[in-house]
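No lab work stands behind these numbers, since they all come straight from the coordinates. Note that the structure is a prediction, hence the values are computed from the model and not measured. Cβ atoms come from the backbone with ideal geometry, glycine included; neighbour counts cover every protein chain shown.
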Amino acid sequence: MRKHIVAGNWKMNNDLPQTELLITELLKQNKTSDAEVMVAPTFTNLWQAFESLRQESIEVIAQNMHFAENGAYTGEISASMLKSIGIETVILGHSERRAYFNETDESLAKKVDAALANDMRIIFCFGEELADRKSGNHEAIVESQIKNALFHLEADAFKNIVLAYEPVWAIGTGETASPEQAQDMHAFIRKTLAVKYGNDVAESVSILYGGSVKPNNAKEIFGKPDVDGGLIGGAALKAEDFYAIVNAF
């Protein structure tokens, strides 16, 4: 059975006191679902967050990492550095990384390889722009992003990969893909995996939806058969809203 996962991407928000406060508020919330819960603070607060949540059911994950193990890459963080402070999961390929920092399918493939070589779990993001959706090219874009970055892998690697579909036009815009649109794309993604790796792999991979999920729409979105959870942005910064989404399962 696929895992239900709700991951909060805090992006470039919250200094250390704010991070500690949000963690305190998260721990006060009533968790009624069996979903895996993850939060991704900024690099500077990862260790403190990990220490605060070490004995809790919330996993602390990273927002990004470099593909190199070490070297002259000023300002970058390697997989082994993350592992050394207890971080086991990393988000790769977020639309903001692609848009603002020119990450490509090719560079992401190298990051994927580096994370897997360090026995890390990956939340791999992809999704189309509004122009792609309007032109009807959205499935081709998503298929190419998945194939270019992931289809060099052996089937066994997908035990450590979670997929996150992000319609870029629905991130931070207040727009949300309808539950039907989300389901249609998630089903297409699963079919794409099945063609390459077979139904067993396709049915075992969790696929998250990442596009302005909120407490008032989470239950309907998560109720779709191929939607296994969410990668949450803005709503993850408010403990009550975040857990309302977690408890939507």
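General observations
- Annotation: for a label point projected 7 angstrom from Cα along Cα→Cβ of residue 88, residues of the stretch 12-40 with backbone N closer than 15 Å are 36-39.
- Calculated over the stretch 23-180, the projected area of the Cα convex hull averaged across directions stands at 11.2 nm².
- Anisotropy class of the stretch 199-246 from Cα gyration tensor, a/c 1.5 cut: prolate
- Close amide H partners of residue 127, meaning residues 5 or more places away or on another chain with modelled amide H under 5 Å apart, are 166.
- Segment residue 196-residue 34, extension gain: residue separation times 0.36 nm, minus the distance between their alpha carbons: 55.3 nm
- Local electrostatic count at residue 224 - Lys and Arg +1, Asp and Glu -1, tallied over other residues with Cβ under 12 Å: -3
- Checking every one of the GluC sites (Glu not before Pro) in the stretch 145-249 against DSSP loop status and a limit of 10 other Cβ atoms within 10 Å picks out 154.
- Convex hull volume of the Cα atoms of the stretch 123-249, normalised per residue: 98 Å³.
- Each Cα pair under 8 Å and six or more residues apart adds its separation to the average, and for the chain the resulting relative contact order is 23 percent.
- Sequence-distant residues sharing a close amide H with residue 230 (under 5 Å, placed H): 5, 6, 7, 209
- For the Cα trace of the stretch 74-140, dividing Rg by the Kirkwood Rh returns an Rg/Rh value of 1.07.
- Members of 159/224; 110/147; 134/219; 159/196; 134/196 lying beyond 18 Å, as alpha-carbon distances in this model show: 159/224; 134/219; 134/196
- Residues of the stretch 53-77 with amide N under 12 Å of the 7 Å Cα→Cβ point at residue 24: none
- Under 18 Å from the Cα of residue 111 - aspartates and glutamates, other chains or at least 8 residues apart: 69, 76, 88, 96, 103, 119, 154, 156
- Theoretical ellipticity at 222 nm over the chain - DSSP helices of four or more residues, -39500 (n - 2.57) apiece, nearest 500: -12000 deg cm²/dmol
- Dipole magnitude for the stretch 1-110: about 200 debye, using +1 per Lys or Arg Cβ and -1 per Asp or Glu Cβ, origin at the Cα centre.
- Straightening the chain between residue 69 and residue 100 buys 8.9 nm, computed as 0.36 nm per residue apart minus the Cα-Cα spacing.
- Theoretical gain in end-to-end length, residue 80 to residue 47 [0.36 nm per residue, Cα-Cα removed]: 10.5 nm
- Built amide H within the under 5 Å cut-off of residue 161, gap 5+: 122
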